[in-house]
Every structure is written in C-alpha cells, then in structure tokens.
Amino acid sequence: MNPQELKTIMGSGLLSFPLTDFDANGDFNKSSYEKRLEWLAPYGASALFAAGGTGEFFSLTGDEYPGIIKTAVDTCRGVVPIIAGAGGPTRFAIQCAQEAERAGAHGILLLPHYLTEAGQEGLAAHVEAVCKSVKFGVIVYNRATSRLKPDTLAGLAERNPNLVGFKDGIGDIEAMVAIYQKMGDRFAYLGGLPTAEVYAAAYKAMGTPVYSSAVFNFIPKTAVQFYEAVRDDDMATQHRLLKNFFMPYLELRNRTPGYAVSIVKAGAKIVGHDAGPVRAPLTDLKPAEMEQLKALIDALGPQ
C-alpha cells in the first residue's frame, strides 16, 4: 500500500486500536491476540492500529514489538488494513517503523517521543527522520510532548511526501482550525482524544469527520452505530448514547490516571474477550468499578 492509498483509507470510516493481549504473567499472548483481531475485523473498521496507545505501545519491548505487528498483519490480511504504532526516542521509533514495514503493515502512527520537551525544530527533525527511514505512509500524532504547529507541518509535508495523516489528541480547537486551514486536503485528519466519541460531532464540524474508537474493543456494534450517527448527523442517536453510556463511562474512566486504557481492557473482559491485565505503571479496575462498567455495557444490549 502506497502512502496515498493509506491517506484515502484514513479519509472515511471508523478506525480503532485493538488491545494487546497479555497472559497472567504479563507476557504477550499471541493466540489470544489473534482471536481478538479475528473477532473485531469483520465489524467494518476502515483500519486497525496495532500496538497503538490503547494497545500499550509504551509498555512493549523492542524484542516483542515485531512479533505483535506481524501477528496483526497476518491475521487481518485481506480483511482490514493494519497501521502500526511507533514512537519513543527517534532511533527506537525508526526501528519500529522499519520493522512494521518489513512485517507488511500499511503505515505507521508516529506516537509522541518520550518525556523530553522540544522546540519545533527538534520535533520536525524527529518526524522527518522517521519519515525518511521508510517508504510507506506516516500519520503523526499531535499529543503530549509532540505539538506541531501549522508552519512546521507545512515544511514537513513539503519535504516528506509519505507524511499523509494528522491525528489530534490535544483538543485545542483554535490550533486544529489553524492546521486544517493551512494544510487543507494535503493530510487526512483523525480525531484522537481519549473516548473520541464525545468530541466527534465538534471535530466533524471542523473538517475532521474520522476518529478512532477505543470502545470498539468491547462494544463494536455500538461504536459503529455511534460513528454512523455522527456521519449522518443523527443527533437523537448521538445524544441518547452520550447520555446513557458515554458520559457515565467517562466518569468511571476519569477516576484514576491511566484508566483510559485499563477500562477498555476491563470492558473486553466483561464481554468475554479477556486481554489479560494491563502492564505497570497502569492499574486494573477495582471489582466495584467492574460491576459499574458491566451495568453500562449490559444496558446496550447484544453486540
């Protein structure tokens, strides 16, 4: 898949980030991961992001990363495209990007580098080094320590034809409008705030109708239903699901830092697709919180 084909895929439909399966010891569980992907793939996501944020990329080792990406590519071949997460220090991000390309992934989502603040010149050098290390498409994730400004993105796009996507995980409306007005259709745009459904209608109004859904991991039918309601401007369905599920879900998610991932693994376990525990420093939901989440899920009906 060439970069422009990846851009086209990013231009419509719902995207999601499958969980990464671990066993009771916290080791990668290949067979369970394969079953997860086989379950999720037919629900109609435009692409799946293997080893993304919800897939706990930040906790993976360099040794296990290639196997996770290859498992995703092999399992979903001919069914749904796989975009790999990559990130961290520049040289490690390059290693991940190249491993993903060798494994047959269709592109990468370049997650923020780790910890260190950097100016626009340094951020541009980081993104460009990764882009030039591969031939397939790159989507940059604007979040945390990686906040790219319109002029920086314009320069990167001019020098790197394979930089084809921009995912926003910050929620700064003014900045997002400025980027969209500067770049226009040079990029495919993706809403990427945690529990993106809450922001989906606002992002669509800004010219970003596509987003990634974490809850697709355990309520895929509802996730697709909500995306279709946003696509079709069905405000009644949006408001009903926001009121009955997403807002109480947010209240539960916001109780503990890191629960944005933990609550998704909890949901998968509740619906019979257990992905195992989260890795430290994240923590799993407490039993009472699991019961509250189960009640929210049960009220949605069969998936």
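The values are calculated or read from the model by the stated rules, or taken from the named source; none is laboratory data. Only a predicted model underlies this, so the values are computations on that prediction, with no experimental measurement involved. Every residue, glycine as well, gets a Cβ built from its backbone with ideal geometry; the counts of neighbours run over all protein chains shown. When the accessible area is computed, the model is the full protein with side chains, heavy atoms only, and any ligands, DNA or RNA have been set aside. Shrake-Rupley method; radii C 1.70, N 1.55, O 1.52, S 1.80 Å.
Distance from the alpha carbon centroid of segment 118-195 to that of segment 1-53 works out to 22 angstrom. Calculated mean residue ellipticity at 222 nm for the chain: -13000 deg cm²/dmol, from DSSP H runs with n ≥ 4 weighted as -39500 (n - 2.57), summed, divided by the residue count and rounded to 500. At q = 0.13, 0.14, 0.16, 0.20 Å⁻¹, what is the base-10 log of I(q)/I(0) for segment 1-129 according to the Debye formula with one equal point scatterer per Cα and no solvent? Please give it to two decimals. Reported log10 I(q)/I(0), two decimals: -0.52, -0.60, -0.78, -1.15. Comparing 212, 190, 111 along the charge dipole axis of segment 3-232, the residue lying farthest to the positive side is 190, per the Cβ-charge model. Normalised per residue, the accessible area of segment 3-232 is 39 Å², obtained with a 1.4 Å probe and no contribution from ligands, DNA or RNA. For the peptides 156-165, 282-291, 97-106, the ranking by mean Cβ contacts within 10 Å, running from highest to lowest, is 97-106, 156-165, 282-291. Magnitude of the charge dipole for the chain, about its Cα centre and with charges confined to Cβ atoms of Lys, Arg (+1) and Asp, Glu (-1), is about 160 debye.
For segment 207-279, the share of alpha carbon pairs falling in successive 5 Å distance bins from zero is 3, 15, 22, 25, 18, 11, 5, 1 percent.
Modelled spin labels at residue 291 and residue 35, positioned 7 Å past Cα toward Cβ, are 2.7 nm from each other.
Across 31, 212, 262, mean-square fluctuation computed from a Gaussian network of the chain (C-alpha pairs under 10 Å connected) peaks at 31.
Please work out how much length the chain gains when fully extended from residue 114 to residue 12, using 0.36 nm per residue of separation minus the C-alpha to C-alpha distance, in nm with one decimal. Please list the in-between numbers first.
Details: separation 102, 0.36 × 102 = 36.72 nm, distance 3.01 nm.
Here the answer is 33.7 nm.
Where both residues lie in the chain, what percent of DSSP beta bridges are antiparallel, nearest 5? Approximately 5 percent, going by the DSSP bridge assignments.
Taken along the Cα-to-beta-carbon direction at a fixed 7 Å, the label points for residue 24 and residue 79 span 2.8 nm.
Which sequence of 273, 126 reflects their accessible areas, 1.4 Å probe, from the largest down? Walk me through the intermediate numbers first.
Values: 273 55, 126 20 Å².
Ranked from most to least accessible, the order is 273, 126.
In the chain, carbon and sulfur make up what percent of the accessible area (probe 1.4 Å)? Each step should come with its number before you reach the end.
Numbers: 6910 of 12840 Å².
Its accessible area is 54 percent carbon and sulfur atoms.
Each residue, residue 129 and residue 173, gets one label point 7 Å from its Cα in the Cβ direction; the gap between the two is 3.7 nm.
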